[in-house]
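First the structure, in the form of structure tokens, and then the observations on it.
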Protein chains: 2
Amino acid sequence: MITEYKHTYCLTAAQCNAQREVAPATLIQQIIDVATEHADTINIGFQRMGKNSALWVLSRVAYEIKRYPGILEEYTITTWIEGYNKLFSNRDFAISDASGEVIGYARTVWMAIDKDTRRPTDLTHVADPEVVRTDLVCDMERPGKIRFPKEHNEASCYRFGASDIDFNRHVTSRRYVELIIDQLPLEVYDQCRMTRFEIAYSHESLCGERVRVMSGCDLATDALTSTIESEDGTQKCITRAWFVKREDGFSVPAAKLLEY
Amino acid sequence: MITEYKHTYCLTAAQCNAQREVAPATLIQQIIDVATEHADTINIGFQRMGKNSALWVLSRVAYEIKRYPGILEEYTITTWIEGYNKLFSNRDFAISDASGEVIGYARTVWMAIDKDTRRPTDLTHVADPEVVRTDLVCDMERPGKIRFPKEHNEASCYRFGASDIDFNRHVTSRRYVELIIDQLPLEVYDQCRMTRFEIAYSHESLCGERVRVMSGCDLATDALTSTIESEDGTQKCITRAWFVKREDGFSVPAAKLLEY
């Protein structure tokens, strides 16, 4: 059984963002893809879960990165299962460059829900203790509880369309991340690099739903904290992010990011 | 020299759209990616063009498809250069399933522009007559001139964000397609399959730009015709699309699509 799964990517020109690097939403999409491929390989993927009318739902993603892979660069995402309990499965990742040097890590938390009731299902029926790799190290802090600050910027509004919807009939994780990224102007990303990003998914969204996206500074952690919520105030997801100046690598205070 | 380049994809669960198929925007992205990979392989890619401060710009894409690859399905996109002249390069594609059966074709038209002046550059300096494959058949009609009808639906508005921008600092081809797709509700895609799609790119868009997206019926071709234009009325792109009912394969009149 493959307990440590690798996928090597090469970032084509067409896949780059404006900074000629892999975009955060693309990286998270690839993290999800690699997780899905590994799950398929060890027979806990889409098809097997479907037999129990269950499906995997992503609850949290966090990553920390020294530098983003650039244009035409090869990089490898390695994944393994760190552990699981009745409700959650923790899957970790290492991102390494072509020389094998680790340039980033990621942590994800997954749940399996019942297709019809949308309630969590017991993971102990699915997972096999043999897949767990406790010997591999994911050298980054675990994601913490994120609170949205009282003070925030003016909300931007968005209505989810058909192309935002995935095979589970809800809005993709990727689109959530893109809406959050779009809270800051392009100049911020030109001048600063997002070195750590955490997202907690709270509620699914449907096609046609209208949402508000807002950002503020979390004073305790000095993180840029953003949220997507429905018109009735239901939180869809909450994120926090830390940036450094590209020029000198020093951290950028969250408040400064919102002044751009 | 590789004059016929192939890339095999496997559609993971996470990459599917709501109909559990490859989304039109993803297919177009992959068509662009395969073109880019082939261009890199034969040394007319990003790096080589950059030396002449030129870059490839996509002018048109059209595809025709019998069925879209589904979840966990393997499919191959094959590309070759059909021909080129001073201004334009025609690159064709065949999409085939795992059994080798061709399920679709695509045609693209590319220009090379100067990075600084944004004016077209002479392709005869770049392209090599030996790469041209006149023996391969792209069995679909060439894209035609698209006119936007006088009568159309109410425009939806959108502001391009940082995550819509590519390495050329303009809005991605993919995002244009997604905005067009989002003109119709999810139910249309559940009940109908888009069998032919054409897009002509007219103007680049920048981060922060606001656009209007509108659709109407072209009476001459019975195509659903959509456009994205800036607030001052500059056309960014124009598309047309034909749909069939999934149930029985009969064509769906464009006017009916807009009634959903």
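Within region B:1-31, the set of residues being farther than 17 Å from A:Ile32 by Cβ, open to solvent by 20 Å² or more (accessible area, probe 1.4 Å) and within 10 Å of another protein chain (Cβ to nearest Cβ) comprises B:Gln19, B:Glu21.
The residue of region B:32-56 that is nearest to the chain's Cα centre (by Cα), among those that are open to solvent by less than 30 Å² (accessible area, probe 1.4 Å) and more than 10 Å from every other protein chain (Cβ to nearest Cβ), is B:His38. Checking A:Glu204, A:Glu247 one by one, the residue that is open to solvent by 20 Å² or more (accessible area, probe 1.4 Å), assigned to a loop (DSSP other than H, G, I, E, B), closer than 17 Å to A:Arg60 by Cα and among the charged types (D, E, K, R) is A:Glu204 and no other. Considering (1) touching a strand residue (DSSP E or B) at 6+ places or on another chain (Cβ under 7 Å); (2) open to solvent by 30 Å² or more (accessible area, probe 1.4 Å), the lone condition that B:Cys192 does not fulfil carries the number (2). Can you name every residue in region B:133-148 that is more than 24 Å from B:Asp222 (Cα to Cα) and either exposed (fewer than 13 other Cβ atoms within 10 Å of the Cβ) or within 21 Å of the chain's Cα centre (by Cα) (or both)? Answer for region B:133-148, where residues must be more than 24 Å from B:Asp222 (Cα to Cα) and either exposed (fewer than 13 other Cβ atoms within 10 Å of the Cβ) or within 21 Å of the chain's Cα centre (by Cα) (or both): B:Thr134, B:Asp135, B:Leu136, B:Val137. Within region A:180-193, does at least one residue satisfy the condition of being assigned to a strand (DSSP E or B) and within 14 Å of another protein chain (Cβ to nearest Cβ)? Yes, because at least one residue in region A:180-193 is assigned to a strand (DSSP E or B) and within 14 Å of another protein chain (Cβ to nearest Cβ). For A:Ile228, are the conditions met, namely being part of a strand (DSSP E or B), open to solvent by less than 20 Å² (accessible area, probe 1.4 Å), modelled with pLDDT of 95 or more and within 14 Å of chain B (Cβ to nearest Cβ)? Answer is yes for this residue. Of the residues in region B:97-106, not one is under 18 Å from B:Glu141 (Cα atoms), touching a His at 6+ places or on another chain (Cβ under 6 Å) and open to solvent by less than 20 Å² (accessible area, probe 1.4 Å). Note on region B:149-176: among residues that are acidic (Asp, Glu) and at the interface with chain A (Cβ under 9 Å from one of its Cβ atoms), the one that is most open to solvent (accessible area, probe 1.4 Å) is B:Asp166. Only a single item in (1) within 23 Å of B:Gly45 (Cβ to Cβ); (2) among the charged types (D, E, K, R); (3) touching a strand residue (DSSP E or B) at 6+ places or on another chain (Cβ under 7 Å) is not met by B:Arg159, and it is number (1). In region A:88-111, is there at least one residue being within 14 Å of another protein chain (Cβ to nearest Cβ), under 29 Å from B:Arg175 (Cα atoms) and polar (S, T, N, Q)? Yes, the conditions are met somewhere in region A:88-111. Considering (1) buried (at least 19 other Cβ atoms within 10 Å of the Cβ); (2) on the phi > 0 side of the Ramachandran plot; (3) not hydrophobic (A, V, I, L, M, F, W, C), the lone condition that A:Tyr63 does not fulfil carries the number (2).
Restricting attention to region B:144-177, the residues that are at pLDDT 95 or above, not hydroxyl-bearing (Ser, Thr, Tyr) and not in a loop (DSSP other than H, G, I, E, B) total 8. Scanning region A:66-77 for residues that are open to solvent by 10 Å² or more (accessible area, probe 1.4 Å) and within 18 Å of the chain's Cα centre (by Cα), we see that the one that is farthest from A:Met194 (Cα to Cα) is A:Thr76.
The values are calculated or read from the model by the stated rules, or taken from the named source; none is laboratory data. Only a predicted model underlies this, so the values are computations on that prediction, with no experimental measurement involved. Virtual Cβ from ideal backbone geometry, glycine too; neighbours counted across all protein chains shown. The accessibility values were calculated without ligands, DNA or RNA, using every heavy atom of the protein model including side chains. Shrake-Rupley method; radii C 1.70, N 1.55, O 1.52, S 1.80 Å.
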